[in-house]
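Where a number appears in this text, it was derived from the coordinates with a stated rule and is not lab data. Keep in mind the model is a prediction, meaning the values are calculated, not measured. So basically every Cβ, Gly included, is an ideal-geometry build from the backbone, and we count neighbours across all protein chains shown.
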């Protein structure tokens with residue numbers, strides 16, 4: 001009887017796989033350079049995969065993933081995504097196997113629900129306002145700690161239940177809830193209280209505006225909120241943002257603003273981003289310059305340079321500045 005049930009289950013799984021639309025995807029970032037953290041640690045420039053040094057090298061994180069969708073009737077689909085942690089130069093992973101994404105859920109005309117490990121609501125809402133895609137190595141948004149998407153301080157979360165609304169005339173909303181000890185910040189530290197995030201976005205024509213909020217993940221900690229807007233003038237696209245990551249005296253990350261612009265010059269996108277944290281280390285300025293172009297289908301050549309300065313030393317060595325750069329190729333499939 002047991003063998004019969006196992007055989008039946010295997011046949012059902014095969015039938016389900018045949019109905020589902022499952023695809024393998026990935027990204028490989030190969031570069032030469034060194035990140036801002038590498039410069040602070042006195043490391044020399046070298047060849048890197050996007051997964052090296054905790055995925056702080058190059059522009060993007062090398063990874064492989066599986067994603068799928070299946071129509072289950074009534075206008076509803078089942079969706080899932082499994083995505084590895086950063087792949088290092090030696091082929092190993094810099095974290096758990098599916099450390100970037102591991103979620104499943106449903107979608108329909110009413111929106112989408114997801115449960116599992118996924119990007120935080122503020123990150124998903126605001127990442128489009130970072131014109132260089134939150135570069136691993138030189139992101140002024142990340143290394144100022146007050147970017148609109150706050151990629152360093154509000155990273156992925158575990159056991160997160162999120163709802164994403166359908167597009168309603170250009171307006172979308174997203175809300176997420178994570179139970180106590182169910183999430184982790186960018187450093188992998190578990191949260192000690194339940195928290196929620198909210199994101200609102202409006203995009204129509206050349207204009208896009210958004211706001212995001214996340215309650216503190218730790219008891220007695222500081223909440224995060226940010227606003228941003230962008231406008232495409234045709235010859236160039238400009239961005240402005242403001243973020244408040246909490247009072248420094250209460251273990252927050254400070255507050256500040258950012259500006260950025262990107263413009264096509266022939267087939268090359270050229271841009272610059274600047275952020276100013278008014279509070280952390282008595283004031284941080286961080287900026288980056290970047291250029292990228294598609295050289296073959298799904299293959300991109302890029303170059304970027306970033307600089308970080310603070311008014312107070314960041315470590316016992318007394319360093320108050322760092323610079324980083326990368327020249328690389330990104331393969332997508």
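Across the alpha-carbon set of the stretch 200-333, the Rg to Rh ratio works out to 1.03, Rh being the Kirkwood radius. For the peptides 168-177, 297-306, the ranking by mean Cβ contacts within 10 Å, running from highest to lowest, is 297-306, 168-177. Once you divide the Cα radius of gyration of the stretch 227-305 by 2.2 N^0.38 Å, the number left is 1.37. Packing-based ranking of 36-44, 314-322, 282-290 yields 282-290, 36-44, 314-322, ordered from highest to lowest mean Cβ neighbour count within 10 Å. The angle between the Cα long axis of helix 2-19 and the longest principal axis of the Cα atoms of the chain comes to about 60 degrees, rounded to the nearest 10.
Ranked by the mean number of other Cβ atoms within 10 Å of their residues, highest first, the peptides 25-31, 233-239 come out as 25-31, 233-239.
With the convex hull of its Cα atoms as the shape, the stretch 155-249 has an orientation-averaged projected area of 7.2 nm². In a fully extended conformation the segment linking residue 180 and residue 294 would gain 36.7 nm over its present Cα-Cα distance, using 0.36 nm per residue.
What value, in deg cm²/dmol to 500, does the helix sum -39500 (n - 2.57) over DSSP H runs of n ≥ 4 give at 222 nm once divided by the residues of the chain?
Numbers: 5 runs with 38 residues, N = 333.
Theoretical 222 nm ellipticity from helices: -3000 deg cm²/dmol.
If R0 is 56 Å, the Cβ-Cβ spacing of residue 333 and residue 218 corresponds to a FRET efficiency of close to 0.90. Coordinate range of the alpha-carbon atoms in the stretch 22-332 per principal axis, descending: 59, 50, 44 Å.
Here the label points at residue 235 and residue 90, each 7 Å from Cα along the C-beta direction, are separated by 5.2 nm in the simple model. Please work out the Cα center distance from the stretch 54-105 to the stretch 221-248, rounded to the nearest Å. Using only Cα atoms, the two centres lie 27 Å from each other.
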